[in-house]
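Chemist: Just passing along the structure, written as structure tokens.
The values are calculated or read from the model by the stated rules, or taken from the named source; none is laboratory data. Please read all numbers here as calculations on a predicted model, not as lab measurements. Neighbour counts run over all protein chains shown; Cβ positions are idealised from the backbone, glycine included.
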Amino acid sequence: MHQKKINIKDFSYDLPDERIAKFPMPDRDQSKLLVYKNDAITENIFSHIDEYLPNDSLIVFNNTKVIHARLLFQKPTGAQIEIFCLEPLDHNDFQLSFNSKKSCQWKCLIGNLKRWKEADEILVKNIQSPIGNIELKAERIEKTEDAFKIKFSWQPEELHFAEVLHHAGVLPLPPYLNRKNIDSDEERYQTVYAKHEGSVAAPTAGLHFTESVFGKLKQKNIQQLFLTLHVGAGTFKPIKTDTLSEHVMHEETVSISRNSLEEILNHLVQKKSIIAVGTTSTRTLESIYWHGVQLITGKAKSEMHISQWTPYENLENNFSCIESIEAILKNLASNNLDELQGSTQIIIAPGYQFKIVDILITNFHQPENTLILLIAAFVGESWRKIYDHALQNNFRFLSYGDSSVLFR
């Protein structure tokens, strides 16, 4: 059956609210760990994950950092308007936008829109911050298909937008936590290796890693590699259509250095295992393969743009992962580029043939969304056995929940 005909109702399960972890464990690496290998399930603690990972393998992390994307404005009438920052209008220019002074424009969602009736009304927010008083203004420019273009301007003008957002905004916890932020969320809803700002949700599989775990990986000569995929709000978007063909996958920006691509190629040549930490790293690695194929077949230039159906429209190709990565490296060299940049909209669903990822470290995901489809694609029909085991054995689910390591 073609992926477009997949019925999302086949990927549902009952997730009681009490199984959703509302807060993280006191210690990051003390969460439970489910291990699925050779169709068998065992359990351990995450701090011992090194015991299950092959020596000399490559582990790939997403080093994106969650921004204070929620901006709360209060009108003189008392009505509260929430502006949720999704991405700069040019979604590949996060750093440029964060470095903006005086003003910038973003694609945003608006909460309580009915209270912001007049399109020309400018919202104003005054912030008392450690760096002084900040006045932030928000102006509606136009409506897009699924969001709004918002122009932000601020005083003092010499502040960068990154500074303004940090002091004016709120960290966007997942909606299913259904609680207010607490101080510890500022630290615990970021990975310890978070570096590049741009996400509105954490790559939660990485929340369990600590310096102690990194030390154990190093002892097994497991190489660490970092790429960046800025997680969009679409990661929480349920599939509301009966079949996958009608679902529009969200697009997210990606960047990976030439050195990292060379490291991936080196492990492919040596036939060493590649481990993806999270669904975002998985989607990035698999997208890279398809970008290489597009370069080989003349369907792409330097920048990567992978649509949701790209993998299912190129089934006749027989290019290896090595050929694909070599094509990308050759293209970067010829264009004098040190980094592959672009975007991916890839949807990984049952029937997908994985190209690069051998082992997946991930949390437990919501029913009927694209992340559970990726898990089902990775482990086959055993996904339901894995989730039944987790539910029956007191595993904690979703962003602050427990972890699993899955072998393909």
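Rundown of residues vs (1) touching a strand residue (DSSP E or B) at 6+ places or on another chain (Cβ under 8 Å); (2) surrounded by fewer than 22 Cβ atoms within 10 Å (Cβ to Cβ); (3) farther than 25 Å from Asp242 by Cβ; (4) modelled with pLDDT of 95 or more, yes/no style:
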{"position": "Pro311", "(1), (2), (3), (4)": "no, no, no, no"}
{"position": "Ile325", "(1), (2), (3), (4)": "no, no, yes, yes"}
{"position": "Asn331", "(1), (2), (3), (4)": "no, yes, yes, yes"}
{"position": "Asn369", "(1), (2), (3), (4)": "no, yes, no, no"}
{"position": "Leu374", "(1), (2), (3), (4)": "no, no, no, yes"}
{"position": "Trp383", "(1), (2), (3), (4)": "no, no, no, yes"}
{"position": "Asp388", "(1), (2), (3), (4)": "no, yes, no, yes"}
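Chemist: Which residue is surrounded by the fewest Cβ atoms within 10 Å (Cβ to Cβ), if the candidates are limited to the range 333-351 and must be touching a residue at least 12 places away in the same chain (Cβ under 8 Å) and of a type in the set (Ser, Thr, Tyr)?
Modeler: The selected residue is Ser343.
Chemist: All but one of (1) under 20 Å from Val405 (Cα atoms); (2) assigned to a helix (DSSP H, G or I) hold for Lys272; which doesn't?
Modeler: (2)
Chemist: Let me ask something additional. Looking at the structure I just gave you, is Phe395 closer than 30 Å to Lys32 by Cβ and either of a type outside the set (D, E, K, R) or more than 20 Å from the chain's Cα centre (by Cα) (or both)?
Modeler: Details: closer than 30 Å to Lys32 by Cβ: yes; either of a type outside the set (D, E, K, R) or more than 20 Å from the chain's Cα centre (by Cα) (or both): yes.
Judged against the criteria, Phe395 is a match.
Chemist: Look at the range 182-215 and say how many of its residues are more than 23 Å from Lys107 (Cβ to Cβ), crowded, with 21+ Cβ neighbours inside 10 Å, under 16 Å from the mean Cα position of the chain (by Cα) and not β-branched (Val, Ile, Thr).
Modeler: 4
Chemist: Taking the stated definitions as given, is Glu186 at negative phi, in a helix (DSSP H, G or I) and not aromatic (Phe, Trp, Tyr)?
Modeler: Values: at negative phi: yes; in a helix (DSSP H, G or I): yes; not aromatic (Phe, Trp, Tyr): yes.
For Glu186, the condition - at negative phi, in a helix (DSSP H, G or I) and not aromatic (Phe, Trp, Tyr) - is met.
Chemist: Can you tell which of Ile328, Ile288, Ile306 is over 17 Å from His230 (Cβ atoms) and of a type in the set (A, V, I, L, M)?
Modeler: On the way: Ile288 fails: over 17 Å from His230 (Cβ atoms); Ile306 fails: over 17 Å from His230 (Cβ atoms).
That would be Ile328, the only listed residue that is over 17 Å from His230 (Cβ atoms) and of a type in the set (A, V, I, L, M).
Chemist: Continuing with this model, one more query. Counting only residues that are in contact (Cβ under 8 Å) with a residue 60 or more places away in the chain and of a type outside the set (A, V, I, L, M), which one in the range 141-166 is nearest to Ile81 (Cα to Cα)?
Modeler: At the first step, the residues of the range 141-166 found to be in contact (Cβ under 8 Å) with a residue 60 or more places away in the chain are 147, 149-150, 160-162, 165-166.
Still in the running and of a type outside the set (A, V, I, L, M): 149, 160-161, 166.
On the way: Lys149: 15, His160: 23, Phe161: 20, His166: 18 Å.
Looking at the filtered set, the residue picked out is Lys149.
Chemist: Got a sec? Which of Phe354, Phe395, Phe364 is out of contact with any helix residue (DSSP H, G or I) (no Cβ under 7 Å at 6 or more places or on another chain) and either surrounded by 14 or more Cβ atoms within 10 Å (Cβ to Cβ) or modelled with pLDDT of 95 or more (or both)?
Modeler: Values: Phe354 fails: out of contact with any helix residue (DSSP H, G or I) (no Cβ under 7 Å at 6 or more places or on another chain); Phe364 fails: out of contact with any helix residue (DSSP H, G or I) (no Cβ under 7 Å at 6 or more places or on another chain).
Of the residues listed, the single one that is out of contact with any helix residue (DSSP H, G or I) (no Cβ under 7 Å at 6 or more places or on another chain) and either surrounded by 14 or more Cβ atoms within 10 Å (Cβ to Cβ) or modelled with pLDDT of 95 or more (or both) is Phe395.
Chemist: Identify, please: which residue in the range 61-91 is among the aliphatic types (A, V, I, L, M) and assigned to a loop (DSSP other than H, G, I, E, B) and is, among those, farthest from Pro203 (Cα to Cα)? Reasoning before the result, please.
Modeler: Taking the range 61-91 as the starting set, the residues that turn out to be among the aliphatic types (A, V, I, L, M) are 66-67, 69, 71-72, 79, 81, 83, 86, 89.
This time we only want the ones that are assigned to a loop (DSSP other than H, G, I, E, B), so: 67, 69, 79, 89.
Values: Ile67: 13, Ala69: 15, Ala79: 33, Leu89: 23 Å.
The extreme case among them is Ala79.
Chemist: Moving on to the next point. Among the residues in the range 292-308, are any more than 19 Å from Asn62 (Cβ to Cβ), of a type in the set (Gly, Ala, Ser) and crowded, with 22+ Cβ neighbours inside 10 Å?
Modeler: There is at least one residue in the range 292-308 that is more than 19 Å from Asn62 (Cβ to Cβ), of a type in the set (Gly, Ala, Ser) and crowded, with 22+ Cβ neighbours inside 10 Å.
Chemist: A follow-up question, please. Which one of the conditions (1) at pLDDT below 95; (2) closer than 22 Å to Thr362 by Cα does Phe226 fail to meet, given that it meets all the rest?
Modeler: Going through (1) at pLDDT below 95; (2) closer than 22 Å to Thr362 by Cα one by one, Phe226 breaks only (1).
Chemist: Scan the range 24-37 for residues that are of a type in the set (A, V, I, L, M, F, W, C), under 13 Å from Phe397 (Cα atoms) and touching a Phe, Trp or Tyr at 6+ places or on another chain (Cβ under 6 Å) and report the count.
Modeler: Let us first name the residues in the range 24-37 that are of a type in the set (A, V, I, L, M, F, W, C), namely 25, 33-35.
With under 13 Å from Phe397 (Cα atoms) added as a condition, the list becomes 25, 33-34.
When the remaining residues are screened for being touching a Phe, Trp or Tyr at 6+ places or on another chain (Cβ under 6 Å), the result is 33.
Qualifying residue count for the region: 1.
Chemist: Across the range 19-60, what is the number of residues that are over 26 Å from Lys216 (Cα atoms) and in a strand (DSSP E or B)?
Modeler: 1
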